[in-house]
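Trainee: A single structure is presented below for examination.
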Amino acid sequence: MPADAPHKDNAYTFMNYILRPQVLAEISNYVFYANASDEARKYMSPRVLNDPGIYPTEEVWERVYPVLSAPPKQERLRTRAWARVKSGI
C-alpha cells in the first residue's frame, strides 16, 4: 500500500479480510494456487492440497530450491549488493 494512500483504513480492512484462513482457503481452492497459511490448509480442498504442482513434495522442493549457505564474508557481500538493488543506488 502506498505511504500516501488516501484510504489506509479500508486497505487494512481488506487485507485483514483476505488473510482470514477460510477466505484464503476459498481463494486457493478457486484459483488452484498455494498459500502460506497453515491455518487456511484446514479449509482447503484435498484436490488442491495433494496436487504436487501446487504443493511440491519435500524431495522436489529440495531439488528445486536447495539451501545455499555461504561463508559470512560472501553473505555480507550478497546482502550489500541486494540492499543497493532495492534502494536503486
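Trainee: Looking at segment 33-89, which chymotrypsin sites (Phe, Trp or Tyr not before Pro) are in a loop (DSSP not H, G, I, E or B) and have at most 11 other Cβ atoms within 10 Å?
Mentor: Those satisfying the criteria are Tyr33.
Trainee: Just the accessible area per residue of the chain, please: how many Å² with a 1.4 Å probe?
Mentor: 88 Å²
Trainee: Per DSSP H run of n ≥ 4, the term is -39500 (n - 2.57); total these for the chain, divide by its residue number, and report the mean residue ellipticity at 222 nm rounded to 500 deg cm²/dmol.
Mentor: Here the helix-only value at 222 nm equals -16500 deg cm²/dmol.
Trainee: Roughly to the nearest percent, how much of the accessible area of the chain is carbon and sulfur, given a 1.4 Å probe?
Mentor: Here it works out to 58 percent.
Trainee: Tell me, in nm to one decimal, what length is gained between Val31 and Trp61 on full extension, where the rule is 0.36 nm per residue of separation less the Cα-Cα distance?
Mentor: 8.7 nm
Trainee: Taking the structure as given and computing volume of the Cα convex hull per residue in Å³, which label from (i) 163; (ii) 133; (iii) 107 fits?
Mentor: (i)
The values are calculated or read from the model by the stated rules, or taken from the named source; none is laboratory data. Keep in mind that what you see is a predicted model, and the values were worked out from it rather than measured. Neighbour counts are summed over all protein chains in view; Cβ atoms, including those assigned to glycine, are modelled from backbone coordinates with ideal geometry. These accessible areas exclude ligands, DNA and RNA; they are computed on the full protein's heavy atoms, side chains included. Shrake-Rupley method; radii C 1.70, N 1.55, O 1.52, S 1.80 Å.
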